[in-house]
Amino acid sequence: MTQPFVARHYGERAQDYVASAVHSQGQDLDLIERSVAGRGLRRVLDLGCGGGHVSYRLASHVQEVVACDVTPAMLDAVAQEAGRRGLSNISTVLAPAENLPFAAGTFDAVFCRFTTHHWANALAGLIQARRVLAPDGVAVFIDVTAPSSALCDSWLQTLELLRDLSHVRDYSMAEWTAMLGQAGFVVRSMQTHRLPMVFESWVARTKTSPTCVAAIRALQQSAPEEVTRFFEMAADGSFMLDVSSFEVTAS
């Protein structure tokens with residue numbers, strides 16, 4: 001099953017994601033913080049919390065943050081980091097996105113950043129997010145998005161899987177909007193920005209094997225011009241990704 005595999009895969013990588021510069025900063029985190037600041041929200045969900053960076057940003061603006069993930073070591077790392085920062089209103093829950101142990105309408109807001117591409121069933125996870133969101137609540141989903149070009153899409157999924165065996169799929173903008181609608185959400189706004197990936201830290205963070213690193217570099221060096229141009233591939237393997245943010249409400 002995908003969930004136990006993801007949990008095992010990321011257990012030994014937990015501290016790397018707490019310390020990750022890519023995950024601990026960015027304009028998408030600023031968007032999340034702006035969406036809650038001054039609104040007096042009570043309880044919010046950080047779904048697929050990873051290193052907990054969404055939770056840390058939200059904690060000073062809400063009464064309670066529930067950080068939810070399938071990896072026990074990630075949740076332990078988040079609890080330790082929250083304690084170190086004096087954020088006593090962050091709690092942790094072990095659960096997959098597709099089967100959340102919360103009552104309907106539990107959360108004033110749901111946030112999900114850089115995790116949907118690991119879910120075994122993205123639509124099921126989105127349906128669960130919609131179920132636990134209060135009727136007047138807001139949700140924000142942020143993830144790497146696949147290019148509309150079939151060629152570039154194939155290359156992205158291949159490189160992602162070689163780098164991280166728990167990767168399922170980076171969804172396109174069209175796939176995202178379709179799934180959000182099917183899950184019962186209305187998209188209020190969406191935006192996309194380019195995110196630089198420094199190759200050495202990109203593969204180090206997931207402890208990619210030397211064999212897979214070599215395969216990624218071989219593919220990059222033989223990539224067609226369309227792929228090289230779209231991802232702005234540099235000589236050292238560094239490249240650019242599209243990251244999209246979807247702010248939604250219940251339909």
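The values are calculated or read from the model by the stated rules, or taken from the named source; none is laboratory data. Small disclaimer: the values here were computed from a predicted structure and weren't measured. Cβ sites come from the backbone with ideal geometry, for glycine too, and all protein chains shown count toward neighbours. When the accessible area is computed, the model is the full protein with side chains, heavy atoms only, and any ligands, DNA or RNA have been set aside. Shrake-Rupley method; radii C 1.70, N 1.55, O 1.52, S 1.80 Å.
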Pull up region 79-99, narrow it to residues that are not in a loop (DSSP other than H, G, I, E, B) and not small (Gly, Ala, Ser), then point me to the one that is surrounded by the fewest Cβ atoms within 10 Å (Cβ to Cβ). 84
Scanning region 136-188 for residues that are of a type in the set (Asp, Glu) and touching a His at 6+ places or on another chain (Cβ under 7 Å) gives 143, 160, 170
Against the condition buried (at least 21 other Cβ atoms within 10 Å of the Cβ) and among the small types (Gly, Ala, Ser), how does residue 48 come out, does it pass? yes
Subset tally (residues that are within 17 Å of the chain's Cα centre (by Cα) and open to solvent by 40 Å² or more (accessible area, probe 1.4 Å)) for region 133-176: 6
In region 114-143, the residues that are hydrophobic (A, V, I, L, M, F, W, C), under 20 Å from residue 166 (Cβ atoms) and not in a helix (DSSP H, G or I): 114, 119, 120, 141, 142
Per-region count, region 144-161, residues farther than 15 Å from residue 232 by Cα and either part of a strand (DSSP E or B) or modelled with pLDDT under 95 (or both): 1
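So that you can scan it fast, the table gives a plain yes or no per residue for (1) closer than 30 Å to residue 129 by Cα; (2) touching a residue at least 40 places away in the same chain (Cβ under 8 Å); (3) of a type outside the set (A, V, I, L, M); (4) in contact with an Asp or Glu (Cβ under 7 Å, 6 or more places away or on another chain):
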{"residue": "218", "(1), (2), (3), (4)": "no, no, no, no"}
{"residue": "223", "(1), (2), (3), (4)": "no, yes, no, no"}
{"residue": "230", "(1), (2), (3), (4)": "no, yes, yes, no"}
{"residue": "249", "(1), (2), (3), (4)": "yes, yes, yes, no"}
Select the helices (runs of 4 or more DSSP H) contained entirely in region 177-251, then report the ones holding at least 2 residues which are open to solvent by less than 50 Å² (accessible area, probe 1.4 Å) and closer than 19 Å to residue 153 by Cβ. 210-221, 225-231
Sort through 82, 103, 97 and tell me the only one that's touching a residue at least 12 places away in the same chain (Cβ under 8 Å) and under 19 Å from residue 141 (Cα atoms). 97
Test residue 225 against the criterion of being modelled with pLDDT of 95 or more and in contact with a helix residue (DSSP H, G or I) (Cβ under 9 Å, 6 or more places away or on another chain), and give yes or no. no
